[in-house]
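Enquirer: I have a structure here, written as structure tokens, and I will follow up with some questions on it.
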There are 2 protein chains.
Amino acid sequence: MNFTRREFGGLAAAGMLSRLTPAAEAQQEGRVIGYGIVGLGRISMQHFMPSLKMSKRARVTALVSGHREKAEKMAAEYGVPGNSIYSYADYERIADNQNVDAVYIALPNSMHAEYTIRAAKAGKHVLCEKPMATTVADSRNMIEACRSAGKKLMIAYRCQYEPTNLHAIQLIRDGKLGKIQAIESAHGFNIQPKEWRLDRKLAGGGPLMDVGVYSLNACRYLTGEEPNSMKAVASVIDHDGRFEEVEENLAWSMTFPSGIVASCNTTYGANMPGFYRVHGSKGMLHVEPAFAYEGLHLSAQMQGEPPIDEPNPEHDPIQFQREAEHLADCIVHNRQPKTAGEEGLRDMQLMMSLYESCGRI
Amino acid sequence: MNFTRREFGGLAAAGMLSRLTPAAEAQQEGRVIGYGIVGLGRISMQHFMPSLKMSKRARVTALVSGHREKAEKMAAEYGVPGNSIYSYADYERIADNQNVDAVYIALPNSMHAEYTIRAAKAGKHVLCEKPMATTVADSRNMIEACRSAGKKLMIAYRCQYEPTNLHAIQLIRDGKLGKIQAIESAHGFNIQPKEWRLDRKLAGGGPLMDVGVYSLNACRYLTGEEPNSMKAVASVIDHDGRFEEVEENLAWSMTFPSGIVASCNTTYGANMPGFYRVHGSKGMLHVEPAFAYEGLHLSAQMQGEPPIDEPNPEHDPIQFQREAEHLADCIVHNRQPKTAGEEGLRDMQLMMSLYESCGRI
């Protein structure tokens, strides 16, 4: 649980933690959560929405898009009625749609805050893609808007619900690697020109915000600690028009309170398979791919333990289904999501520290 | 060649670049260089000396040790006459030993400077283990002593003579990876208590000086550039008596003038296989192990090229033989070693920058 004591007290006072009768609980248990999809891009159409086709706990009940035609096509595919298709202008009307419990926000980063806050005001829970926003202030406003509306806010950190990453965390927590000393991680790709990700205003930053955040978040969930010192360097190599506003490459080093050190790399200029390697006094684990939608692979060597070589056979879009169902469970059982807004806020604060350390490109 | 114009002029003036007659040259060509071994530790006895058993261009002709009995045993094995065994006190007497052309210095780091300088004054060339010294001042003094004595100084950077590393460099220089963007590297091991490596005065620093230097040197030879910005963090986790004087963990990030970024890790608290991974706009290469005495392995994926999966079948101590023979060639042909003192000095300066950046433990 990510509540502070004060927040917890506030929720209790607001009656949000009141118990239901057993009959009402059973009814709640069987509830299927309806998602309004905000933004019909690749991640929504090819991953999140298809994942709900397999789910018994969540389904697509509304669409929010600037492209009516595309929305109507998707509506037909997902059995969404025509009156549950919204434009960005009349987005607030979802307040009246009883079939929408939550929204999934998959827009350019800078729009996350506005569409989260408007959803909360419309009485809807929010599952928001990472990075949570483009500024710390926006992140705080999102948390506050959902808190004061009594709605859940979950950031879509897939890897924290995914078995290969969870197994890596478990090996560490169980002491199989001994005392953890150091982590290496990297994640990047060679970006196409003209993507919104290269627009500083829309993206908030370069590869750090988009894919480096996976390494940062991984170092935090692997150690279970928050960095207490961070130093970064950044550069642009390709003066081909792509990197007028955001960094191309960023490398950073950080320490955690226990003394664990991490060195990380991210880029928009090269294919850089997402991986991490954790070194402990009694062993080492390596996950690669670590952040992909499928095909994850864990290997580990540990003193006095058989080695692990564990490919994950699951297929995309299972990771998206897990996220959607986690928030559904949180709604049904009135629990705080494992990766609530505060988790996104921490990464945002840390990324801003990294940008401060290296100077913005 | 690493000469400055001034140094080159000085050498020419001293007649050191004078041409030999063809007959004299042929005689030189067949010369077998005699090495005096300074320090009979693991690296000398298990690697460097055995490597010369296979060489037609270099042989062991003297031993310098504080342990007479051990020295006599080794002398018998290598056919070194009793009058070519020296103590550290009468080391200068090698000046009179015409069978000694060069010395191989494999002592604790802080002793490299003294024994290099004494060798140069005794008229001997020097092959000195890495790290070159424990201070920048000592490194400069070593270079100056050898320069003014007209003797070669080579630092034993094995990897720069080793085919797997050379192949990695070649792929990069040939543009097979496109424009290089980023490098990850790590190297460390879990150190036993009471090693001289844990004594700050003898070692000069912790894992950075001992094994991290491989990653630093690799980033330099892979890029062919010198870092222009470096940031480090360091820590001690195990308060078990090992790390009273040196760091246990050190992570750093750096940039190069072209914009290439690198993130590196080193530790004395965990097994951290030496590796590097180089990301370019058109491909990636990974070498692991990258710094070991044998078993090196290069793999690469490149656009429009067949993938490379290239284990190196060579066995230890071939890498030591190559170093010994490189200096032998440099002596015979009066060439500057590829990894001359200046190469070691650069790493020393850079390591001091890293320590400055993170603060000494």
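The values are calculated or read from the model by the stated rules, or taken from the named source; none is laboratory data. Keep in mind that this is a model prediction, so the values were computed, not measured. Positions of Cβ are generated from backbone atoms using ideal geometry, with glycine treated the same way; all protein chains shown enter the neighbour counts.
Enquirer: Let me confirm something: among A:294, A:247, A:288, A:314, which residue is in contact with a strand residue (DSSP E or B) (Cβ under 6 Å, 6 or more places away or on another chain), within 19 Å of residue A:160 (Cβ to Cβ) and charged (D, E, K, R)?
Expert: Every option except A:288 fails the conditions.
Enquirer: Would you please list the contacts, defined by Cβ atoms under 7 Å and residues six or more apart or on different chains, that run from a residue in the stretch A:86-115 that is under 20 Å from residue A:206 (Cβ atoms) to a residue that is surrounded by 15 or more Cβ atoms within 10 Å (Cβ to Cβ) and hydroxyl-bearing (Ser, Thr, Tyr)?
Expert: Note: pairs meeting the criteria are A:106/A:44; A:107/A:115; A:109/A:134; A:110/A:134.
Enquirer: Something else now. Looking only at the stretch A:286-301, decide whether some residue is touching a residue at least 60 places away in the same chain (Cβ under 8 Å), within 25 Å of residue B:187 (Cβ to Cβ) and over 23 Å from the mean Cα position of the chain (by Cα).
Expert: yes
Enquirer: Listed residues B:168, B:182, B:186; which is touching an Asp or Glu at 6+ places or on another chain (Cβ under 6 Å) and buried (at least 18 other Cβ atoms within 10 Å of the Cβ)?
Expert: Working: B:168 fails: touching an Asp or Glu at 6+ places or on another chain (Cβ under 6 Å); B:182 fails: touching an Asp or Glu at 6+ places or on another chain (Cβ under 6 Å).
Only one candidate qualifies: B:186.
Enquirer: Has the stretch B:226-239 got any residue that is in contact with a strand residue (DSSP E or B) (Cβ under 9 Å, 6 or more places away or on another chain), under 20 Å from residue B:166 (Cβ atoms) and in a loop (DSSP other than H, G, I, E, B)?
Expert: Scanning the stretch B:226-239 turns up no residue that is in contact with a strand residue (DSSP E or B) (Cβ under 9 Å, 6 or more places away or on another chain), under 20 Å from residue B:166 (Cβ atoms) and in a loop (DSSP other than H, G, I, E, B).
Enquirer: Considering B:97, B:141, B:109, which residue is of a type in the set (S, T, N, Q) and over 27 Å from residue B:211 (Cα atoms)? Full working, then the answer.
Expert: Details: B:141 fails: over 27 Å from residue B:211 (Cα atoms); B:109 fails: over 27 Å from residue B:211 (Cα atoms).
Criteria check complete, one pass: B:97.
Enquirer: Now for a separate question. Out of all the residues in the stretch B:327-348, is one or more closer than 29 Å to residue A:259 by Cβ and in a helix (DSSP H, G or I)? Write out each step before concluding.
Expert: Kept after step one, since they are closer than 29 Å to residue A:259 by Cβ, are these residues of the stretch B:327-348: B:347-348.
Then drop every residue that is not in a helix (DSSP H, G or I), which leaves B:347-348.
Checked against the condition, which is being closer than 29 Å to residue A:259 by Cβ and in a helix (DSSP H, G or I), the stretch B:327-348 yields at least one hit.
Enquirer: Another question about this same structure. Being closer than 30 Å to residue A:53 by Cα, surrounded by fewer than 16 Cβ atoms within 10 Å (Cβ to Cβ) and modelled with pLDDT of 95 or more is true for just one of A:311, A:337. Which residue is that?
Expert: A:311
Enquirer: Determine whether residue B:131 is in contact with a helix residue (DSSP H, G or I) (Cβ under 6 Å, 6 or more places away or on another chain), in contact (Cβ under 8 Å) with a residue 12 or more places away in the chain and surrounded by 18 or more Cβ atoms within 10 Å (Cβ to Cβ).
Expert: It is true that residue B:131 is in contact with a helix residue (DSSP H, G or I) (Cβ under 6 Å, 6 or more places away or on another chain), in contact (Cβ under 8 Å) with a residue 12 or more places away in the chain and surrounded by 18 or more Cβ atoms within 10 Å (Cβ to Cβ).
Enquirer: Considering only residues that are at the interface with chain A (Cβ under 10 Å from one of its Cβ atoms), surrounded by fewer than 24 Cβ atoms within 10 Å (Cβ to Cβ) and aromatic (Phe, Trp, Tyr), look in the stretch B:255-306 and name the one that is nearest to residue B:175 (Cα to Cα).
Expert: My answer is B:256.
Okay, residues lined up against (1) within 17 Å of residue A:128 (Cβ to Cβ); (2) acidic (Asp, Glu):
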| site | (1), (2) |
| --- | --- |
| A:43 | yes, no |
| A:53 | no, no |
| A:58 | yes, no |
| A:67 | no, no |
| A:72 | no, yes |
| A:76 | no, no |
| A:83 | no, no |
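Enquirer: For residue A:207, are the conditions met, namely being touching a Gly at 6+ places or on another chain (Cβ under 9 Å), within 12 Å of chain B (Cβ to nearest Cβ) and of a type outside the set (Gly, Ala, Ser)?
Expert: yes
Enquirer: Give me the residue from the stretch A:21-52 that is charged (D, E, K, R) and touching a helix residue (DSSP H, G or I) at 6+ places or on another chain (Cβ under 8 Å) and, out of that set, farthest from residue A:99 (Cα to Cα).
Expert: A:29
Enquirer: Let me ask another. So residue B:65 passes all but one of these: (1) buried (at least 21 other Cβ atoms within 10 Å of the Cβ); (2) closer than 27 Å to residue B:343 by Cβ; (3) in contact with a Phe, Trp or Tyr (Cβ under 9 Å, 6 or more places away or on another chain). Which condition number does it fail?
Expert: Result: residue B:65 passes all but (2).
Enquirer: Okay, next question. Which ones in the stretch A:244-254 are surrounded by fewer than 24 Cβ atoms within 10 Å (Cβ to Cβ) and touching a Leu at 6+ places or on another chain (Cβ under 7 Å)?
Expert: First pass over the stretch A:244-254, keeping only residues surrounded by fewer than 24 Cβ atoms within 10 Å (Cβ to Cβ): A:244-245.
Once the filter is applied, which keeps residues that are surrounded by fewer than 24 Cβ atoms within 10 Å (Cβ to Cβ) and touching a Leu at 6+ places or on another chain (Cβ under 7 Å), the stretch A:244-254 yields only A:245.
Enquirer: Moving on to the next point. Is it true that residue A:81 is out of contact with any helix residue (DSSP H, G or I) (no Cβ under 8 Å at 6 or more places or on another chain) and farther than 30 Å from residue A:206 by Cα?
Expert: Criteria not met by residue A:81.
Enquirer: While we're on this one: Given the structure, is residue B:157 surrounded by 21 or more Cβ atoms within 10 Å (Cβ to Cβ) and within 18 Å of residue B:65 (Cβ to Cβ)?
Expert: No; evaluated as a whole, the condition is false for this residue.
Enquirer: When residues of the stretch B:92-118 are filtered for being surrounded by fewer than 22 Cβ atoms within 10 Å (Cβ to Cβ) and β-branched (Val, Ile, Thr), how many remain?
Expert: 1
Enquirer: Hey, among A:105, A:191, A:155, which residue is within 14 Å of another protein chain (Cβ to nearest Cβ) and farther than 30 Å from residue B:268 by Cα?
Expert: One residue alone meets the criteria, A:191.
Enquirer: Return the pair list, or none, for Cβ contacts closer than 7 Å from residues in the stretch A:233-245 that are within 30 Å of residue B:233 (Cβ to Cβ) and within 7 Å of chain B (Cβ to nearest Cβ) to residues that are among the aromatic types (Phe, Trp, Tyr) and surrounded by 15 or more Cβ atoms within 10 Å (Cβ to Cβ), at least 6 apart or on different chains.
Expert: Here the result reads A:236/A:243, each pair linking the stretch A:233-245 to a residue that is among the aromatic types (Phe, Trp, Tyr) and surrounded by 15 or more Cβ atoms within 10 Å (Cβ to Cβ).
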